[in-house]
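Here the structure comes first, spelled out in structure tokens, and everything after it is commentary.
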Amino acid sequence: MAVRGAFAPNVTWGQPVGVVNARFLVDAERWGLRYLCADCAHVGGDGRCSLGFPNERLWQQPFAAVDGQGVPQFCRCFEPDEG
Ligand code: SF4
């Protein structure tokens, strides 16, 4: 079992990870949520994060909102690109 950090809570409330991720994608589409590097003000033209964060998971499709341990996979520094 992987060790979780103090700020890596399981947010699935007992639901299967696959169900949580599928539900998130449906809700994100429905509400037009933006949360990926592609929509962030900090992404460079080469797809890398200008703040230096490793962001490979934020380009994967379909996006997994939580990992196998139920830990959220969103970037805490996401800022919508309004430009
Ligand atoms: S701040 Fe986060 S969401 Fe924005 S480009 Fe960097 S890794 Fe992606």
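Values as computed for the structure displayed
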| read-out | value |
| --- | --- |
| Exclusive hit being surrounded by fewer than 10 Cβ atoms within 10 Å (Cβ to Cβ), in a helix (DSSP H, G or I), of a type outside the set (A, V, I, L, M) and out of contact with any His (no Cβ under 7 Å at 6 or more places or on another chain), set 29, 82 | 29 |
| Residue list for the range 34-71, restricted to those being under 13 Å from the mean Cα position of the chain (by Cα), free of Cβ contacts under 8 Å to residues at least 40 places away in the same chain and exposed (fewer than 13 other Cβ atoms within 10 Å of the Cβ) | 38, 54, 56, 59, 60, 61 |
| Count of residues meeting criterion [under 18 Å from residue 80 (Cβ atoms), in a loop (DSSP other than H, G, I, E, B) and either touching a strand residue (DSSP E or B) at 6+ places or on another chain (Cβ under 9 Å) or within 8 Å of the ligand (Cβ to nearest atom) (or both)] in the range 45-65 | 5 |
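Yes/no matrix, rows are residues, columns are (1) at pLDDT 90 or above; (2) touching an Asp or Glu at 6+ places or on another chain (Cβ under 8 Å):
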position	(1), (2)
3	no, no
7	no, no
14	yes, no
17	yes, yes
29	yes, no
33	yes, yes
52	yes, no
56	no, no
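The values are calculated or read from the model by the stated rules, or taken from the named source; none is laboratory data. No experiment lies behind these values; they were computed from the predicted model shown. Quick reminder, even Gly has a Cβ in these numbers, built from the backbone with ideal geometry, and neighbours come from all protein chains shown.
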